[in-house]
Amino acid sequence: MRASSPNAWVPWFVFGVVVMAFALQGTSPLFTYRLAGPDDFMRAHEVIQFLQGQGWYDLSVSRMSPDAGTVVHWSRLVDLPLALVALPFMPFVSVTQAVLIAAFLVPLGWLVLLLVLVQASAVPFVGKDRAFLATVFVLFAPALLFCFTPGRIDHHGVQVLIAGFGSWGLLALAQGREKPWTMPLVALAFACGFWIGAEIVPWVSVFIAVLGALAALDQRGTVARQGAVFGAFLTGWTVLLLPAALPWSDLFHSRALSWFSPAYALFAALAGGALIAGFALGRLLVSRGARFLLYVLLGVEAAGLFFLIVPQAALGPFANYDSFNATQMLDHISEAQPLARFMKVDPYNTATWLPAGLNFMRRMLLPCLALIVCVVGAARAKGAMRKVWLVQTAFLTTALVGAFFWQVRLERFMQFFALAPLTFLLVSGLAFARRKLTGRPLFWAEIGLFSVLAPLPIIVIPSVIDHKAFYPDIILFPATRALTTCDLGPVLPVLNDPDRVGPVPRTIMNTGNDGPELLVKTDHRVLAGNFNVLANKDAYAFFSALDDTAARAVLDKWGADAVLVCSKAPFMFWGEGYYDERSLSLQNDGKGMLRMKNTNKKQPLIQRLLDGAAPSWLKPVEISKTSDYLLFLVSPEKKP
């Protein structure tokens, strides 16, 4: 993105398209003041508390699951940019409004860094003069782009930047173009990634594995030396960051890999030690095969020692969650599901074919094509360029396999690592067309090639087949436009009016996803949240209760005096088996529509609330008839 480049304007054009698409859509956060999701409101609440004087190490959320000691172990590192941007606005608006303004501006700063990184990562494949084309593909990577749109302030976009910076460092090393500061800076980025969250662990692991393989292949020992430098700095940076992240009382308390703790320092030390030992012992070996075996043995030994000392880490990033939040709650979080679940096809049910095909086209077609390009490129290239292709293949394969079989949250990484190979394919195709064609045929061939690689499979074809309109934000959310559900907008004036709900604050029984937004926009207390929140289990028990006595006992346990429920709440709150096909039948919903409804005589409380059959001790509060929400106040004098 240097000013001297004739194509320096292209990344800024991409940036402008994103801003324009955001500004033109009337339902964007710019107009609704709704952030992208519960995670973003949770981050906003954490920043608001920090600016209001909450301590650096104090990550507690006193108004969520009140008196239960709720702590959201999120990094202050991501809070800092939001807090710094919000500060200049605080003399003119409230703290909450200042943080919401920052929530719109900070992601655009991260987007600029993304475009810089994407262009730099494409240079080894297509050269500096054509690397700008990679930034255009960002517009057609919806999962990746979503992490950098205004209102998206959780840490996922930052982790993509860190993983991408790590892969860029390896690409430079594979080409022999690394600088003295490359590995120390990559190590610092990964150490910061540890502080931010466990999402970075797979990418540090892939980085170390590929670095070890490159070191084994390098006869000169240069890569092995850089590996030792990285290992030493990764350990040092991680240890140095621990006192900045944790109070003294937690510095010697391991919390596996659920959140930043000394376990991460141990992980860094063992991994770094393996790389340092590989460099020291590898100099005694002449054979590449022997060095490769050495690095494998050192890696296995380091991993074995880590899991021996921290056995909980084998349970994954949710090892320290309670049983309910690590199982039932997690099973209903879409990001924690594999992509394979969204592409299930029943060979005897043709209705499943089209959704699965559209999902594959929009989410996996281009990354799969990019992987083929990587494999072919690695097979055809020689010398340093073959190493470059192998590095990209390793990162893209990890992301693709992980997203498909483990968690959809790896989709954003998958799309990032697909950008450079797709750019190479486009450049190669354009070069071939220019050798064979001239004039108008060449013009249309160039347009057709670009269209086949991006707009057609990602936007045009899915939109046409799925009958989706082309809204101004089609670039940001291609083929997924839908009316906003569970919008708290009509409810907030009621909740903030003491004449309507009585003395504020109330303790609200809720369904989880709306908990963080309620914390930001009201003074009320909430029970359920979107993380390892103790009251989540009781919220489930309350809404799925088949009898009033059990439901009321949950309210009394927490001292809840209000109930807020959305008709589009997650299905889990209806209880296990509610949507089992054996319990469903086609019925008239009273509005002239036929719907599948559960026919059991005993209905869960949430369904009875929606059907207007609330218990006598729940007093309805009138809100807008167009709202998806129902609000009730608990009457203490009427118990079943």
Fill in: Rounded to 5, the percent of DSSP beta bridges in the chain classed as antiparallel
70
Discussion item. As a test of the formula, what do you get for the chain when each DSSP H run with n ≥ 4 contributes -39,500 (n - 2.57) and the sum is divided by the residue count, at 222 nm and rounded to the nearest 500 deg cm²/dmol?
Written reply: -17000 deg cm²/dmol
Response to the item:
With every protein chain in place, the accessible area of Trp558 for a 1.4 Å probe, in Å² rounded to the nearest 10, comes to 40
Response to the item:
Over its alpha-carbon atoms, the chain yields an Rg and a Dmax in Å of 26.6, 85
Fill in: By accessible area with a 1.4 Å probe, ligands and nucleic acids excluded, highest first: order of Leu430, Leu586, Leu234, Leu425
Leu586, Leu425, Leu430, Leu234
Practice prompt. Give a residue-ordered list of calculated ³J(HN,Hα) values for segment 191-202 (Karplus: 6.51 cos²θ - 1.76 cosθ + 1.60, θ = phi - 60°; whole Hz; x for Gly, Pro).
Written response: 4, 5, x, 4, 5, 6, x, 6, 4, 7, 4, x
Discussion item. Show me the ranking of peptides 9-18, 559-568 by mean Cβ neighbours inside 10 Å, starting with the highest.
Written reply: 559-568, 9-18
Item to complete: Kindly sort Ile372, Ile606, Ile461 by accessible area of their heavy atoms, largest first, with the probe set to 1.4 Å.
Response: Ile372, Ile461, Ile606
Practice prompt. Could you tell me whether segment 245-383 comes out rounded, prolate or oblate from its Cα gyration tensor? Rule is a ≥ b ≥ c as square roots of the eigenvalues, rounded for a/c under 1.5, then prolate if a/b exceeds b/c, otherwise oblate.
Written response: oblate
Practice prompt. Using only Cα atoms, find the angle between the long axis of helix 222-245 and the longest principal axis of the chain, and express it within 0 to 90 degrees, rounded to the nearest 10.
Written response: 30
Response to the item:
Links exceeding 29 Å between C-alpha atoms in this model, out of Lys344/Lys387; Lys344/Lys597; Lys344/Lys521, come to Lys344/Lys387; Lys344/Lys521
Practice prompt. Quick one: what are the phi-derived ³J(HN,Hα) couplings along segment 418-426, Karplus 6.51/-1.76/1.60 with θ = phi - 60°, whole Hz, x for glycine and proline?
Written response: 7, 5, 5, x, 5, 5, 4, 5, 5
Worksheet item: When the solvent-accessible surface of protein heavy atoms is calculated with a 1.4 angstrom probe, in what order do Phe543, Phe424 fall, highest first?
Response: Phe424, Phe543
Practice prompt. Working from Cα positions, state the angle (0 to 90°, nearest 10) between the long axis of helix 548-558 and the longest principal axis of the chain.
Written response: 60
Worksheet entry | Solvent-accessible area of Leu281 with every protein chain in place, 1.4 Å probe, in Å² to the nearest 10 | 80
Worksheet item: Just how much of Arg130 is accessible, in Å², when a 1.4 Å probe is used and the result is rounded to the nearest 10?
Response: 110
Practice prompt. Would you mind getting the accessible area per residue of the chain, heavy atoms of the protein chains only, 1.4 Å probe, in Å²?
Written response: 45
Practice prompt. Which order do the peptides 270-279, 106-115, 334-343 take when ranked by the mean count of other beta-carbon atoms within 10 Å per residue, highest first?
Written response: 270-279, 106-115, 334-343
Discussion item. What's the magnitude of the charge dipole for the chain around its Cα centre, counting Lys and Arg as +1 and Asp and Glu as -1 at the beta-carbon? Answer in Debye, nearest 20.
Written reply: 2280
Practice prompt. Under a cut-off of 14 Å between alpha-carbon atoms, report the aspartates and glutamates in cross-link reach of Lys602, not counting same-chain residues fewer than 8 places apart.
Written response: Asp547, Asp548, Glu576, Asp611
Worksheet item: Using Cα atoms only, what is the angle between the long axis of helix 38-51 and the major principal axis of the chain, expressed in degrees (0 to 90) to the nearest 10?
Response: 90
Discussion item. Taking a ≥ b ≥ c as the square roots of the Cα gyration tensor eigenvalues, with a/c under 1.5 meaning rounded and otherwise prolate when a/b beats b/c, else oblate, which class fits segment 213-269?
Written reply: prolate
Item to complete: Name the long-range amide H neighbours of Ala562: under 5 Å, sequence gap of 5 or more, or other chain; modelled H, no Pro or chain starts.
Response: Thr507, Met509, Val634
Item to complete: Quickly rank 203-211, 376-384 as a protection proxy: mean count of other C-beta atoms within 10 Å, highest first.
Response: 203-211, 376-384
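The values are calculated or read from the model by the stated rules, or taken from the named source; none is laboratory data. Here the structure is a predicted model, which is why all the values come from computation and not from measurement. Don't worry about glycine lacking a Cβ; one is built from the backbone with ideal geometry, like all the others, and counts go over all protein chains shown. In case anyone asks, the SASA skips ligands and DNA or RNA and just uses the protein heavy atoms, side chains included. Shrake-Rupley method; radii C 1.70, N 1.55, O 1.52, S 1.80 Å.
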